[in-house]
Amino acid sequence: METKSTSFENSLKSNDTEEQIDIWFYRPIGYQIALFCAKVGLRPNPVTIISIFFGVAAGILFYYQELWINVIGMLLLVFANSLDSADGQLARMTNDKSRLGRILDGAAGDFWFIAIHIAICLRSQQEGWSAWIWMPGVLAGASHVVQSAMADYYRNVHLFFIKGKSGSELDNSQDLQKEYDRMSWSKNFGMKLIARFYLNYTNMQESFSPKLQKLLGIVKKTYPNELPTELVTSFRAQNKPLMKYTNIVQFNTRVLFLFLWLFLDQSWIYFFFDMFILNPILVYMIVNQEKVSAFFYEKILKEKTNEFQSI
């Protein structure tokens, strides 16, 4: 495993898409973990898998009403997220990136929060809630999946425009479908099953962003090799303000409020916070991303039309 660059800056995706809490806290911790892993030869995917165990263990500890047990769970969840940061930093530092790694990285948080939602539902029933608590628990879980998926997708779109294909992990359903069709259930059962889930995940992302799909389509046809500097600069200026919303609906904000509700012994509030605070932010993010996409689609289409007419 060859190290491409061990500098802290090269372990980051982009300042445009990094959250301040990550820059100040998680990325420095993740960087030190990544350096250690690179030294001992541990690859990114095992780091991700280890983070799943810590995150699920954290969720289990949120079942208990004793605050000191909850605090241990909070520390485990913080460590799990540090490992989740480290796996990506390690992959960039060692140039050890893979499709499986990307899928595992996205699935890790889902495993954590499945455990957290189950624990809170069971805890709430112990506190006197009826089985109806599972309804907001499941709805909040579904909301979390969509929020995280769209935030991750928009970040990778932004990275695609400012760094190109090599600096982004942006996938599309057409290419994934071809890869999926080439696999055999008899020879590649495990990978084909994972590919099916990832294809469904990508289809969901694309279904929520129709205007963005039109933009990506015309961009790839018009600029197959490299995006013009003017387009990169202009897109970055308009799209960068939306990156803060991708951060809000992901890990840090939701976990800070989750910890607050646990300290107040009102963990059930987390479900309603997810649905009625984070979902409107998700909608706002999608609507405005679609506006940006429509603007640049029309701009490129107009330029192509003018170029054709001048011939």
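None of the figures in this text is laboratory data; all of them are computed from the coordinates on show. Here the structure is a predicted model, which is why all the values come from computation and not from measurement. Note that we place each Cβ from the backbone using ideal geometry, even for glycine, and neighbour counts take in every protein chain shown.
The table below lists the values:
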| item | result |
| --- | --- |
| Added length on full extension, which subtracts the Cα-Cα distance from 0.36 nm per residue, Thr305 to Lys163 | 48.4 nm |
| Highest-MSF residue in the chain out of Ser234, Ser51, Ser98 [GNM, Cα springs under 10 Å] | Ser234 |
| Inter-probe distance in nm under a simple model that places probes 7 Å from Cα toward Cβ, at Tyr284 and Asp175 | 3.3 |
| Computed label-point distance, nm, for sites Glu230 and Asn15 using a 7 Å Cα→Cβ extension | 2.6 |
| Neighbourhood net charge (10 Å Cβ-Cβ; Lys/Arg +1, Asp/Glu -1) for Gly101 | 0 |
| Nearest 10 degrees, 0 to 90: helix 279-310 Cα axis against the chain principal axis | 10 |
| For Trp112, Trp24, Trp129, Trp261, order by how many other beta-carbon atoms lie within 10 Å, fewest first | Trp24, Trp129, Trp261, Trp112 |
| Region 136-197 and region 26-42: distance between their alpha carbon centers, rounded to Å | 25 |
| Positive-pole candidate from Phe111, Leu100, Gly128, dipole of region 90-129, charges at beta carbon | Leu100 |
| Sparse-neighbour loop sites [GluC sites (Glu not before Pro); region 1-73; at most 12 other C-beta within 10 Å; DSSP] | Glu2, Glu66 |
| Loop-located GluC sites (Glu not before Pro) in region 117-208, at most 14 other Cβ atoms within 10 Å (DSSP) | Glu127 |
| Structure-based [θ]222 nm, the chain - -39500 (n - 2.57) summed over DSSP H runs of at least 4, per residue, nearest 500 | -24500 deg cm²/dmol |
| Length-normalised contact order for the chain - Cα pairs under 8 Å, 6+ apart - percent | 20 |
| Acute angle (nearest 10 degrees) that the helix 189-207 long axis makes with the longest principal axis of the chain, alpha-carbon atoms | 70 |
| Residue order, fewest to most beta carbons within 10 Å, for Tyr180, Tyr198 | Tyr180, Tyr198 |
| Sequence-separation-based contact order of region 221-298, relative, with Cα cut under 8 Å and 6+ spacing, percent | 37 |
| Point-charge dipole on Cβ atoms (K/R +1, D/E -1) for the chain, about Cα centre, debye to 20 | 800 |
| Within region 214-311, GluC sites (Glu not before Pro) in DSSP loop having at most 14 other beta-carbon neighbours inside 10 Å | Glu226 |
